[in-house]
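The values are calculated or read from the model by the stated rules, or taken from the named source; none is laboratory data. Everything numeric in this text was worked out from a predicted model, so none of it was measured. Methodologically, a virtual Cβ is constructed for each residue, glycine included, from the backbone with ideal geometry; neighbour enumeration extends over all protein chains shown. Ligands, DNA and RNA are excluded from the accessible area calculation, which covers all protein heavy atoms including side chains. Shrake-Rupley method; radii C 1.70, N 1.55, O 1.52, S 1.80 Å.
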Amino acid sequence: MNLKVLAALSLYALAFGFTTAHAQRPMCGFTQGGGFAQEPAHPDRGAAFQEVVAICRVHGAAPIPVFSQRGVNNALAFPPVLNRTGYIVFDPDFFNGIVARHGRAATVGILAHEVGHILTGIRVPNMIADWSDEARADYFAGYTLARMNISRRGVQSWLATEGFFPSHRHPDGFTRIQIVENGYIAGGGNPFSR
């Protein structure tokens, strides 16, 4: 696609309130489903962005842009495109529900997993034959949560969320928990069984 066509599509998208979240497919969505956006995405500078900044700081990485978008009922990582950084889109109402049921550590775990996708990369977006990309993101999240001094109980609150079920993109919950625990131990945390 040449730059004139891309520029025209970008102007069209901006004129009609679409965002790049609509223009490309996410690397990972926290839930299997998702809703329909009720509004355009907006840059987020609240708690979710601050959590992403803290997660990136653990790894010496620049902050990743975060957008809130009501109605997506999810948290999504979008890959870098055209030499631009990847970004995260989340539904603030979805996150508020997660916090109410599982606590703030659960949303930190979700965001750490999504940041893991962006910082560790993905081999073939949306067309993986195995779970290595998801395993990398889970390990990254476990490691990050340990380095952020999130307690085992906090990590377990993330592991208890609805998104920890198997799908075509994610292995079963038992496998994921082992991968997260391995990352958590590598980051200086104690095994979950103690």
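Counting only protein chain heavy atoms and rolling a 1.4 Å probe, the accessible areas of 134, 39, 181 rank, largest first, as 39, 181, 134.
At R0 = 30 Å, how high is the FRET efficiency between residue 172 and residue 151 if r is their beta carbon distance? Nearest 0.05 is fine. For R0 = 30 Å, the calculated efficiency reads 0.75.
The heavy atoms of residue 119 present about 70 square angstrom of accessible area, all protein chains included, probe 1.4 Å.
At a probe radius of 1.4 angstrom, the accessible area of region 50-105 per residue rounds to 44 square angstrom. For region 52-118, the gyration tensor built on C-alpha atoms gives an oblate shape. Its axis ratio a/c (a ≥ b ≥ c) is at least 1.5, and a/b is not larger than b/c. The modelled label-to-label distance between residue 47 and residue 61, using points 7 Å beyond Cα along the C-beta direction, is 2.3 nm.
Taking each residue as 0.36 nm, the span from residue 182 to residue 120 lengthens on full extension beyond its C-alpha to C-alpha distance by 20.7 nm.
Scalar couplings 3J(HN,Hα) for region 102-119, obtained by applying the Karplus form with A = 6.51, B = -1.76, C = 1.60 to θ = phi - 60°, are 10, x, 4, 4, 5, 6, 5, x, 4, 5, 4, 4, 5, 4, x, 4, 6, 7 Hz; x denotes Gly and Pro.
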